[in-house]
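Data block below; observations after.
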Amino acid sequence: MTNTETTTEHDGLLQIAQLQQRAVEFAESGMMEEALEAAMVCIGLQEEVAPENMLLKAKLIQNASRILLYSGDMEQAEAIANEGIAIMQTAQGTTADDMAQAFLNLSSILYAKEDFDNAALVLMESITIWTHEKGHDCAEVADCLSNLGRLREEQGKPEEALELHQQAIEIKKQVFGDHEQTAFSIMNKGLAYMLLQQFQEAKNSLEEAIKCCERIGQDDSELAKACKQNLSICMQQL
């Protein structure tokens with residue numbers, strides 16, 4: 001590769017990174033059409049400046065699938081998320097973390113489609129990969145366990161959900177200590193108790209989540225407000 005070719009590729013990759021950032025900013029602002037356009041331009045640029053970099057292509061496709069998810073186009077989001085995974089599985093340089101993130105992304109799309117059974121199966125792929133790579137007690141596994149707990153609730157299995165939320169809490173306490181992530185999982189446990197109509201246990205969990213928020217100075221956060229709102233509902237049942 002000549003210096004000119006190297007410079008051209010470098011400039012193209014820089015442009016892709018900048019466009020990716022713009023796509024994220026558009027999506028966060030609710031400008032989904034512009035976000036998707038920027039994401040698709042990124043994929044076209046990759047094919048021009050770095051056609052051999054299939055891992056980059058797979059990641060750009062995954063990013064586009066998330067924008068499609070946020071825009072409500074679930075079918076297309078699922079289709080290209082699967083395309084990204086297929087490319088990633090054979091791309092040079094793909095890491096275990098890349099694959100776990102890709103499966104996590106697909107599970108979010110399937111969850112949004114209310115395809116809970118397949119969402120759970122795909123999420124288990126992420127859990128298996130991260131458990132193998134980082135051990136069971138890592139933040140990534142804890143997040144997946146929280147998601148799987150919500151899926152089990154949707155599948156009408158609140159007892160399983162309760163156990164999964166407890167596992168997530170135990171890991172997050174080890175990894176984060178008092179933290180918004182920890183409080184979030186404690187709240188999820190409280191909500192699972194509410195589904196089981198175990199309102200005293202739900203009250204205890206929600207109060208614990210609120211206290212966790214208070215200890216980290218987040219007592220006025222959206223999470224704390226959600227906990228208080230659910231606690232109010234809970235108290236009416238006691």
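No lab work stands behind these numbers, since they all come straight from the coordinates. Owing to the predicted nature of the structure, the values given are computational and were not obtained by experimental measurement. Heads up, the Cβs are rebuilt from the backbone with ideal geometry, glycines too, and the neighbour counts pull from every protein chain shown.
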Which helices pass in the chain if a helix is a full DSSP H run, must span at least 18 angstrom along its long axis by Cα, and must have mean Kyte-Doolittle hydropathy not below -0.5? 32-49, 54-71, 74-90, 96-112, 116-134, 139-154, 180-195, 222-235
Modelled label reach - Leu45, point 7 Å along Cα→Cβ, the range 54-69 residues with backbone N closer than 16 Å: 56-64
Can you give the relative contact order of the chain as a percent, counting alpha carbon pairs under 8 Å and 6+ residues apart? 10 percent
Would you kindly state how much longer the chain becomes between Glu75 and Glu52 on full extension, computed as 0.36 nm times their sequence separation minus their alpha carbon distance, in nm to one decimal? 5.5 nm
In whole angstrom, the spacing between the Cα centers of the range 39-108 and the range 119-158 equals 21 Å
Rounded to the nearest whole number, the Stokes-Einstein translational diffusion coefficient of the range 8-132 at 25 °C and 0.890 mPa s (Kirkwood radius, C-alpha pairs) in µm²/s is 166 µm²/s
Around Asp73, what is the net charge, scoring Lys/Arg as +1 and Asp/Glu as -1 over all other residues with Cβ under 13 Å from its Cβ? -1
Would you please state which residues of the range 166-188 a label at His136 would reach in this model, taking the label point 7 Å out along Cα→Cβ and a backbone N cut-off of under 20 Å? 166-177, 182, 185-186
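Given 37 °C and 0.692 mPa s, how large is the Stokes-Einstein diffusion coefficient of the range 178-238 in µm²/s, with Rh as the Kirkwood radius over Cα pairs?
Values: Rh = 10.9 Å.
In µm²/s, the coefficient is 301.
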I need the Debye-formula profile for the range 74-114: one equal scatterer per C-alpha, no solvent, reported as log10 I(q)/I(0) at q = 0.16, 0.18 1/Å, two decimals. -0.38, -0.47
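Compute, for the range 126-191, the length of the dipole vector about the Cα centre, with Cβ point charges of +1 (Lys, Arg) and -1 (Asp, Glu) only. Units Debye, rounded to 20.
Working: 7 positive and 12 negative charges, 9 e Å.
With only Lys, Arg, Asp and Glu charged at Cβ, the dipole is about 40 debye.
Pulled fully out, how much extra length does the chain show between Phe176 and Leu238, if you take 0.36 nm times their separation in residues and subtract their Cα-Cα distance?
Working: separation 62, 0.36 × 62 = 22.32 nm, distance 3.24 nm.
Once the chain is fully extended between Phe176 and Leu238, it gains 19.1 nm.
For the chain, go through all pairs of different Cα atoms, get the mean of 1/r, take its inverse, and jot down that Kirkwood value in Å. Before the final figure, lay out the partial values.
Working: mean 1/r = 0.0510 Å⁻¹.
Mean inverse Cα-Cα distance, inverted, gives 19.6 Å.
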